[in-house]
Amino acid sequence: MIRIGTGYDVHRLVPERKLILCGVEVPCELGLLGHSDADVAVHALMDAILGALAMGDIGKLFPDSDPQYKGADSMKLLAEVIRRMFRLGNLDLTIIAERPKLAKHIPAMRESLAAAFGCDISQVSVKATTEEGLGLAGAGIGSQAAVLLEK
Ligand code: MG
């Protein structure tokens, strides 16, 4: 059996926050605002996995009203989601950001995710794009994810 899922998330860029994407800290004068570490890429990815499993979304699993998730490391939450799933076929993640430039950080992001899944790096795609100044990205960073799970 195979299952597919998609996920989407956006967070606002603000001063005095770290910018963490796929568990990798990216140097930037701004970071993403959120109850957890606001790793928008991992949030979209978790929603894609939960979508493939028809298990709702991360808001249901890790409510932001719950103080235990304040400042939470999204990679730890991802590990919780991975425990619930079956085998990863592949994942494809797009990060939508006007800034900072992300290309040089993408290899570290792929390695970080492959380590979390315990899979080969060839199963993990991370891409980045801008919206040419026309969209949401600029005031924030968005991400969309697709996963294929195999049983
Ligand atoms: Mg989020």
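The values are calculated or read from the model by the stated rules, or taken from the named source; none is laboratory data. Keep in mind the model is a prediction, meaning the values are calculated, not measured. Neighbour counts run over all protein chains shown; Cβ positions are idealised from the backbone, glycine included. In case anyone asks, the SASA skips ligands and DNA or RNA and just uses the protein heavy atoms, side chains included. Shrake-Rupley method; radii C 1.70, N 1.55, O 1.52, S 1.80 Å.
Counting only helical runs of four or more DSSP H residues, what would the 222 nm mean residue ellipticity of the chain come to if each run contributes -39,500 (n - 2.57) and the total is spread over all its residues? List each step's numbers first, then the result.
Values: 4 runs with 40 residues, N = 151.
After summing the helix terms and dividing by the residues of the chain, the value is -8000 deg cm²/dmol.
Quick check: at a probe of 1.4 Å, how many percent of the accessible area of segment 74-134 sits on carbon and sulfur atoms?
On the way: 1700 of 3300 Å².
Looking at segment 74-134 in its full context, I get 51 percent from C and S.
Using the heavy atoms of the protein chains alone and a 1.4 angstrom probe, what is the accessible area of segment 93-151 per residue in square angstrom? Don't jump to the answer; show the numbers that get you there.
Numbers: 2960 Å² over 59 residues.
Roughly 50 Å² per residue, with all protein chains present.
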Charge sum, other residues only, whose C-beta stays under 11 Å from Ser112's C-beta, Lys/Arg counted +1 and Asp/Glu -1: -2
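Using the heavy atoms of the protein chains alone and a 1.4 angstrom probe, what is the accessible area of segment 1-48 per residue in square angstrom?
Details: 2240 Å² over 48 residues.
Computed with neighbouring chains in place, this is 47 Å² per residue.
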Residues with amide H under 5 Å from that of Cys22, placed H, sequence gap 5 or more: Ala41, Val42
Positive-end residue, the chain charge dipole about Cα centroid, Cβ charges, pick of Ala145, Ser65, Gly5: Gly5
Pairs from Lys70/Lys127; Lys18/Lys101; Lys101/Lys127 whose Cα-Cα separation, in the structure shown, is over 18 Å: Lys70/Lys127
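Under unit Cβ charges (Lys, Arg +1; Asp, Glu -1), what dipole magnitude, rounded to 20 debye, does the chain have relative to its Cα centre? Don't jump to the answer; show the numbers that get you there.
Details: 16 positive and 19 negative charges, 63 e Å.
Its charge dipole is roughly 300 debye.
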Cα centroid separation, segment 80-95 to segment 117-148 (Å): 14
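Provide Rg over Rh for the chain; use the alpha carbon set for both Rg and the Kirkwood Rh (inverse mean inverse pair distance).
Values: Rg = 14.4 Å, Rh = 15.2 Å.
Across the chain, the Cα-based Rg/Rh ratio is 0.95.
Give me the net charge of Gly7's neighbourhood, meaning all other residues with Cβ under 15 Å from the Cβ of Gly7; Lys, Arg count +1, Asp, Glu -1.
Working: positive: Arg3, Lys60, Arg84, Lys127; negative: Asp9, Asp39, Asp47, Asp57, Asp92.
Result for the neighbourhood of Gly7: -1.
By accessible area of protein heavy atoms, probe 1.4 Å, what ranking do Asp92, Asp64 get, highest first? Spell out each step's value before the answer.
Details: Asp92 60, Asp64 110 Å².
Sorted by accessible area, descending: Asp64, Asp92.
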Solvent-accessible surface (1.4 angstrom probe) belonging to Val40, in square angstrom, nearest 10: 0
